1. Just report the Cα centroid separation between the range 82-128 and the range 151-198, whole Å.
2. Over the chain, what relative contact order in percent results from Cα pairs under 8 Å that are six or more residues apart?
3. Can you work out the Karplus-derived ³J(HN,Hα) for every residue in the range 457-469? Use 6.51 cos²θ - 1.76 cosθ + 1.60 with θ = phi - 60°, whole Hz, and x for glycine or proline.
4. How big is the charge dipole of the range 307-495 about its Cα centre, in debye rounded to the nearest 20, if each Lys and Arg gets +1 on its Cβ and each Asp and Glu gets -1 on its Cβ?
5. Taking amide H positions as placed 1.01 Å from N in the peptide plane, with prolines and chain starts having none, which residues 5 or more places from Val448, or on another chain, fall under 5 Å of its amide H?
6. Can you work out the FRET efficiency for the pair Ser191 and Asp394, with r the C-beta to C-beta distance and R0 = 35 Å, to the nearest 0.05?
7. Using only Cα atoms, locate the centre of the range 314-340 and the centre of the range 422-440, then give the distance between them in Å, rounded to an integer.
8. What is the set of long-range amide H partners of Thr472 at a cut-off below 5 Å, with H atoms built 1.01 Å from backbone N?
Amino acid sequence: MPSRISRRSLLLSAAAAGVSAGPLATVARAATRTPKVLVIGLDGCLLSRIKDADAPNLDALMAAGLTAPSSIYADPLAPTLSGPGWSTVITGVWSDKHNVKDNTFSGNKFTQYPDFLTRIETAEPALATYAVSSWAPLTDTVFSSKVDTRVSTPSAEYDTGTTSRAVARLTTGDPDAVFVQLDNIDHAGHSYGAASQQYLDAIHTADTQVGSMVAAVRSRATYGSEDWLIMITADHGHTDAGGHGGSSAPERQTFLIATGPTLAAGSTRCDVKMPDVAASALAHLGIALDPAWDLDGRPVQQPLPDDFDTLRGQLRTRTDETGIGAGVQGFTHTPPAGWSVDNSAMGTGGITEWRGWSFTTDEFWTAAQRDQQRESNVRARNVFAVADGDEWSDKSLTGGFDSTLISPAYQVTGGRAATLTYTTYYRHESPQKGEVLVSYDGGTPVAVKTYTADVPSRTETVTLQVPSGATTARIRFRYTGGNNWYWVIDGVRLTQP
């Protein structure tokens, strides 16, 4: 194993030459700077209340970098508790993989899906890793013994002790990756509610503590030759009255505030998810993300363009869905460039928002009806396509639901295999059916995948045998049914080696 100096020399040489350090490795950076990561977790913190609080340090980080509001799951995937929440942040996978469902951590799969500091130690043992938390289970259970230093702050010291330890390590040590968890905002939420002044005061205190850690980074004698990625996140939100664990929008809220290379100052992103924290830390340190790790996160430094996300600025407010906030912009029937929707066999009437394939967002679609497992659609990002026969049927209608989402004509080379990938989430009730069909050069569509049973949120991979002589392929997603359930599609790609 190369020493830290030789390992960095190799990385920096690759960066200088414009060579990737591996699949999904971090972007090239100035050859004289050493990559380092600081992740700070604010337990139970709401982004909206940060904006209401006196929080100059967090405000400055948002102004200097990226702000990304996002949402998490609810039961049955997992309740909105700290155990599943922090496990998702730290491992880079959702709870259906790490298997943490509550704060006991029983049945966890941390051996298969270890924390990101452990992955750093496994890939580059010479790097210095450090974790300190006010909530002991994180440093006692989630982070493994491979991490160089794990500290669970004594309860009498609480966030004050956690902060002082982190500041000392950042000031006098030479850590490469640091994780810090502060707990008092969650405590204030439980005691007084997220709508209280006490909750705002707790955010202000945490903001001061964040500021001291950021100041410690910037005061390092070697700071000028270092390349810091700083990320601030939360494990879940809180209700106005106080508490979490349920499926309401405030309980499901989280966020990422990040400053670092390639992250534009004052930018806002809607495509970032909770598992991205771990993936971003690994990528920043030049550690290739092995597909065998089966991570759900992807580096925020490497956004992946998606056709449906281009519709964000075209989304409309509600028409028939009275349960959705009047000001929430969240749906359109107008497909992105190159895409189309065939509703020639679609019934009439019903809820306008869901008549045929619609393009929508988590905050809009889940508000249509809570606790029907729409909250489990965790792997779709930003704007996605949905066919929802259940919601469409909530108003007088005639006929059934029969709508087909049609892709652009992708260029292909005949006689070679192609790979179709897409994110899907399908909840079934007979006689509903989902079909994926492919047509070549305008020919008859042929089914390559059929859904007639529940499929959890996941990425599908379908191998296509492109006929000899074919030059184009179109993908069709046809949903038929009535007052049944729904089908989500996102991230559609067709590639050939």
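1. The two parts, judged by their Cα centres, are 20 Å apart.
2. Numbers: 1212 pairs, mean separation 83.2, N = 497.
Answer for the chain is 17 percent.
3. With the stated coefficients, the range 457-469 comes to 4, 6, 9, 8, 10, 10, 8, 10, 9, 6, x, 4, x Hz.
4. Magnitude of the dipole: close to 500 debye.
5. Val436, Leu437, Val438
6. Details: r = 39 Å, r/R0 = 1.11.
E(calc), rounded to 0.05, equals 0.35.
7. 22 Å
8. Val412, Asp441
A short reminder: the numbers here are calculations on the coordinates, not readings from a lab. For clarity, every value in this text was computed on a predicted model and none was experimentally measured. Ideal geometry is used to build each Cβ from the backbone, glycine not excepted, and the neighbour counts take in all protein chains shown.
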